[in-house]
Every structure is written in C-alpha cells, then in structure tokens.
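Reading through the structure tokens given below for one structure.
The values are calculated or read from the model by the stated rules, or taken from the named source; none is laboratory data. None of these values were measured; they are calculated from a predicted model. Reconstructed Cβ throughout: ideal geometry from the backbone, glycine too, with neighbour counts over all protein chains shown.
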C-alpha cells in the first residue's frame, strides 16, 4: 500500500520520463552498471534485462495499482470505507478467510494505518465491511462469512497483486479458473475523479512518454509468440488493463482535449507495430490467444475502441 502511495506522489511531481527512468532503475538495479538514469527512456528500456517480460510486468503492476488505488488521491467522501472494501475483496479472493489468524493480523495492521477519534467505530466498520456482520457486543463468528461476488473474479477488480509473489500467482490462478468455466464478465474498476493535488496522474497517463512505454512493452511481448503459452500472461493482462482504464477515463473523467488527441493518436497506426494499430492486432492476433483470461480481456478494449477514434460519438 505504501509503495503505491509513494508512486502516486512521484507520478504527480516528476515528469513522465523522469518517473519511468527512476522506476526502471529501482526495479532492475543490474542496469546501473550499464547505463545512466539521465539517458533517454528508449535507451534504458533497450537493455537486455527488459527482454524478460517478468520485469516489465512487475513495473506495470506497480503503475496500474498506483493509478487505480483511490484512497489517497481520489475525491472520495469516505476514503476509509472505500479502502476497507478493497481489503475485504483482496482477502476473500486469496481465500484468506479460511485462515482466521492471518485475517486478524491483517486487521490489526490496517487498523494502525487509519486515524480515528473513536477506535471502537472501526471495529464496527470492519465487521460490516469486511465480514458483512452486524456489530454486536459478542465476538463475531468468523467462520460464517459471505462468499465473494463472482463479479470480482476478474483482473481489473480492486485487489492487490504484489503483497507477495505467492499472492500474485494464487490470485491469478483463482481468476483463471473462473474464466475456464466462463463464470464472469470482465468488469473495470470504477472511475473516480482525482483530488486537485494529484491531477498529474492524468497528465502521466495521457503523456506520449507513458503511451510509448506501453507500446514498447507490447512489442517485447508480441514479437515472441512461442513464449505466449510458456510465460505468465501478466504482462499482456496489465497492458490490456491500462488500455481499458485510459479509454474509460477519456469518457468518465473530465480530461482536456489535448489529452484526448494524444490518446487517439496512440490508438492509430504505429511504425513500431509495422504500420498496424493496437486495435487491429488485438482483433486479429491476440483475441485467439489460448489463455481464456487473455481472450476475455481482449474483448473489453475492443468494445471500448470507439472512444479511441476520431469522428465517432463517444457514448
């Protein structure tokens, strides 16, 4: 959680290139002996370490969570209740409900991060928001808990991927198992307006620098089809999540026209994509990907593709 908040501050305060350079150097320290942080982003990402898609997926997971975690940066009436709802979903989707000791420890860890003049009030909120149990003076029965709604079994739901590497893989396997049985429809997180102090997050998302970084990540993944079935799908999953989020923001959050123009150019034909567009590649190549989770997610940006085109009524 603290990592995501720190990244939110850095995105808001630094230029997109400076932020990405610093993130790359901190995520992959081995490049420090090969290049300088003052070098252009294109030169840094050309280092052989970034041919490993697991490094890039780690970077995109950090960025995606920082862009979508709204407790600190969002214009929310009740950020603490919002935060606890997210924690409930995270713990349930990872099946921590069966480990009562872990759940209680997590509650204590989260409790110290919240400020309250009446600590008892958070006992009430935790019971209601985390366990859907009305507050009573008796000890709640933690074994009788409401199961999580199927709609949250998708990669865009508000739970974190980076608590531990084991959590990440477990959550991914849980989501994948649901898509194999065709349970959910892929849903996106809600779009929440930003507080004025963090409007730099939008400037970052709609910057040429960040969008070009997304293209670089996509090219590194797409150019090696033989690895699609062997490697983790997380890199392409988070590329798709970010694309969907940007398209949704252009419609549901007030963004300036210059941002919209940059986005539309980004979704057009690219030299790095051999004069094709991302939408064309998703439609023709990736939509037939054997992983059912990736195949389902490819449909979502395509359903939003009208938002990334000119002379089209955005609705």
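Only one of these conditions is not met by residue 25: (1) touching a residue at least 60 places away in the same chain (Cβ under 8 Å); (2) within 25 Å of residue 203 (Cα to Cα). Which number is it?
(1)
I'd like the residue in segment 284-301 that is crowded, with 16+ Cβ neighbours inside 10 Å and under 24 Å from residue 210 (Cα atoms) and, out of all such residues, is modelled with the highest pLDDT.
301
Hey, does segment 191-198 have a residue that's part of a helix (DSSP H, G or I), at pLDDT 85 or above, under 22 Å from residue 278 (Cβ atoms) and out of contact with any strand residue (DSSP E or B) (no Cβ under 8 Å at 6 or more places or on another chain)?
No, there is no match, as no residue in segment 191-198 is part of a helix (DSSP H, G or I), at pLDDT 85 or above, under 22 Å from residue 278 (Cβ atoms) and out of contact with any strand residue (DSSP E or B) (no Cβ under 8 Å at 6 or more places or on another chain).
Filtering segment 19-41 down to residues that are in contact with a helix residue (DSSP H, G or I) (Cβ under 7 Å, 6 or more places away or on another chain) and in a loop (DSSP other than H, G, I, E, B), which residue is nearest to residue 208 (Cα to Cα)?
37
Give the number of residues within segment 2-18 that are part of a helix (DSSP H, G or I), touching a helix residue (DSSP H, G or I) at 6+ places or on another chain (Cβ under 8 Å) and over 16 Å from residue 70 (Cβ atoms).
4
Please work out if residue 6 is under 20 Å from the mean Cα position of the chain (by Cα), surrounded by fewer than 16 Cβ atoms within 10 Å (Cβ to Cβ) and within 24 Å of residue 239 (Cβ to Cβ).
It is true that residue 6 is under 20 Å from the mean Cα position of the chain (by Cα), surrounded by fewer than 16 Cβ atoms within 10 Å (Cβ to Cβ) and within 24 Å of residue 239 (Cβ to Cβ).
Which residues, counting only those in segment 261-290, are under 19 Å from residue 222 (Cα atoms) and either under 19 Å from the mean Cα position of the chain (by Cα) or part of a helix (DSSP H, G or I) (or both)?
Matches in segment 261-290: 266, 278, 279, 280, 281, 282, 283, 284, 286, 287, 288.
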